[in-house]
């Protein structure tokens with residue numbers, strides 16, 4: 001019983017970060033209508049930025065957020081302008097392979113520049129834990145979880161209570177009409193992609209105190225984020241949050257009770273089953289899913 | 001058109017058969033790899049005729065390798081029969097992947113195919129008693145045609161050349177058959193094709209199963225060529241899922257010539273980069289990404305469509321403006337690009 005609770009707590013904490021990565025992917029899909037296979041790679045870039053700021057300048061990962069977050073937003077804007085914008089009017093298949101190409105470039109650029117070894121940030125609190133009612137909780141993971149929740153809540157607020165969010169939702173609902181009523185849609189695409197990439201990068205930074213950076217880490221995160229978005233439902237922010245936590249819990253439960261070697265196999269199997277049985281996801285409204293390939 | 005293709009094919013094959021007499025063992029290794037990747041890419045492309053862009057073909061490749069290796073090591077089955085068995089098992093894998101194929105489109109089929117291949121890879125790592133876990137299996141060295149095992153590279157070259165010729169033949173035959181036309185029609189507009197009374201579901205499944213079986217044959221060949229089968233190599237996402245797909249897309253997915261062109265062009269570049277920058281990992285594969293993004297953005301439909309366009313422009317100058325459309329799969333929504 002104690003093992004179960006311990007496992008669940010670890011899983012839910014990890015799931016918070018998954019949710020943060022996934023809301024970004026979901027935002028990009030909802031507003032810009034691009035399925036970004038390179039999304040996880042931005043998590044990896046965020047991790048490396050945090051690592052090098054720590055290794056080079058001795059900067060604490062949480063402090064480095066002040067640099068990494070705006071840098072990642074800028075990277076997102078460049079990504080939107082240089083890569084996404086030219087292919088926006090094309091078929092879904094083209095978008096797949098352009099973003100797969102970007103993912104390959106970023107992954108191998110990291111391998112080329114920084115080598116294949118694992119890069120670990122060790123801070124004073126990296127290994128510190130505290131015990132709450134018999135359950136051991138890692139400080140780094142708890143901070144990442146809380147940080148992720150705060151950011152997801154902030155995104156909720158922006159999307160639902162501010163003018164920018166209203167415009168973004170309008171574009172998500174009906175892009176062509178948004179153009180007709182005079183919304184500068186291209187500008188807001190920059191905002192959406194910028195936020196999406198920034199959230200991925202920030203998630204990467206928050207992972208660094210307890211996870212090593214490596215070039216292939218991003219691909220793993222892309223798959224996770226896709227599974228979360230599919231389980232939670234395309235375009236549903238709440239779905240991504242619930243899906244992320246659920247997936248984190250399932251992953252750690254599978255690792256403890258089945259086998260660490262099959263942890264990911266279980267996730268992928270669940271992904272295939274969910275996609276076949278309920279393609280619109282748990283919270284999906286089904287809107288816009290047809291054009292990206294979900295019936 | 002078809003007959004001229006056949007003549008060109010026979011001539012090219014005859015010329016390639018003399019290649020080992022000209023080049024040395026080191027270059028012959030490259031030739032084997034290039035011919036193998038041409039075959040794998042052509043096999044991958046058969047599924048792409050119907051619009052299915054899979055990133056899970058490593059599963060079929062690995063299933064072919066492992067089936068042959070396990071049958072040989074545990075049951076003493078002859079590798080040639082093992083290769084056929086590998087094709088059958090890979091075809092079974094294709095049948096399994098056709099469940100998501102029929103339910104999902106576009107990116108979600110692509111994702112499901114990645115997940116499918118990863119599950120099989122992880123199971124191969126896990127089922128240690130059967131597969132040797134992450135250390136893999138070693139194929140015993142027992143030279144002779146009966147054992148498909150040789151000390152020189154020439155026999156391997158002829159075997160892989162034969163396999164690839166079969167794959168190309170199957171691909172050409174499907175492309176120009178009634179089934180192929182229906183398949184390609186379904187790739188560019190599935191609903192319209194179904195409305196015409198074509199059972200596209202069966203066609204897509206058949207194409208995927210054939211594609212999987214051919215990929216499995218190359219997997220079995222690779223097991224004999226490299227003498228080792230392990231999950232990180234034979235189920236490698238980069239090598240056998242992404243690389244064939246990229247070759248195909250760069251050359252022109254859904255065409256006959258595109259995948260051949262893509263693999264012939266990209267495999268040596270990758271090999272050269274791997275050799276020239278041996279200390280610098282990642283560079284060879286990064287080139288793949290750059291070429292992919294460049295080609296897809298500049299000439300959607302791949303190199304073949306780029307060449308077609310140039311030819312069409314040339315022909316129009318001379319007064320005849322006939323264009324043969326070979327690139328339906330990728331640029332369906334770029335109708336403004338059509339001449």
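Inside the range B:197-225, residues that are free of Cβ contacts under 8 Å to residues at least 24 places away in the same chain and either in contact with a strand residue (DSSP E or B) (Cβ under 9 Å, 6 or more places away or on another chain) or on the phi < 0 side of the Ramachandran plot (or both) make up a count of 3. Just one of B:224, B:243 is part of a helix (DSSP H, G or I), over 28 Å from residue B:303 (Cβ atoms) and touching a helix residue (DSSP H, G or I) at 6+ places or on another chain (Cβ under 9 Å); which is it? That would be B:224, the only listed residue that is part of a helix (DSSP H, G or I), over 28 Å from residue B:303 (Cβ atoms) and touching a helix residue (DSSP H, G or I) at 6+ places or on another chain (Cβ under 9 Å). In the range B:1-19, the count of residues that are modelled with pLDDT under 95 and under 13 Å from the mean Cα position of the chain (by Cα) is zero. Quick check on residue B:95: is it out of contact with any strand residue (DSSP E or B) (no Cβ under 6 Å at 6 or more places or on another chain), in a helix (DSSP H, G or I) and more than 14 Å from every other protein chain (Cβ to nearest Cβ)? Spelling it out, residue B:95 is indeed out of contact with any strand residue (DSSP E or B) (no Cβ under 6 Å at 6 or more places or on another chain), in a helix (DSSP H, G or I) and more than 14 Å from every other protein chain (Cβ to nearest Cβ).
Restricting to the range B:285-297, name every residue that is farther than 14 Å from residue A:106 by Cβ and within 8 Å of chain A (Cβ to nearest Cβ). Selection gives B:296, B:297. What about residue B:289, is it under 20 Å from the mean Cα position of the chain (by Cα), assigned to a helix (DSSP H, G or I) and closer than 18 Å to residue A:116 by Cβ? The answer is yes for residue B:289. Just one of the listed residues (B:81, B:40, B:70) is in contact with a strand residue (DSSP E or B) (Cβ under 8 Å, 6 or more places away or on another chain) and under 22 Å from residue B:137 (Cβ atoms), and it is B:70.
With the requirement that a residue be outside any loop (DSSP other than H, G, I, E, B) and surrounded by fewer than 17 Cβ atoms within 10 Å (Cβ to Cβ), what does the range B:124-148 give you? Hits for the range B:124-148 are B:128, B:129, B:130, B:133, B:134, B:135, B:138, B:144.
Of all the listed residues (A:128, A:122), the sole one being more than 14 Å from every other protein chain (Cβ to nearest Cβ), exposed (fewer than 14 other Cβ atoms within 10 Å of the Cβ) and in contact with a helix residue (DSSP H, G or I) (Cβ under 8 Å, 6 or more places away or on another chain) is A:128.
A single entry from B:258, B:262 fulfils the requirement of being within 24 Å of residue B:116 (Cβ to Cβ) and at pLDDT 90 or above: B:262. For the condition away from chain B (no Cβ under 14 Å) and over 20 Å from residue A:54 (Cα atoms), residue A:77 qualifies. If you check A:68, A:98, A:77 for being touching a helix residue (DSSP H, G or I) at 6+ places or on another chain (Cβ under 7 Å), buried (at least 19 other Cβ atoms within 10 Å of the Cβ) and in contact (Cβ under 8 Å) with a residue 60 or more places away in the chain, only one passes: A:68.
The values are calculated or read from the model by the stated rules, or taken from the named source; none is laboratory data. None of the values given here were measured: they were computed from a predicted structure. For neighbour counting, all protein chains shown are included, and Cβ atoms are generated from backbone atoms with ideal geometry for every residue, glycine included.
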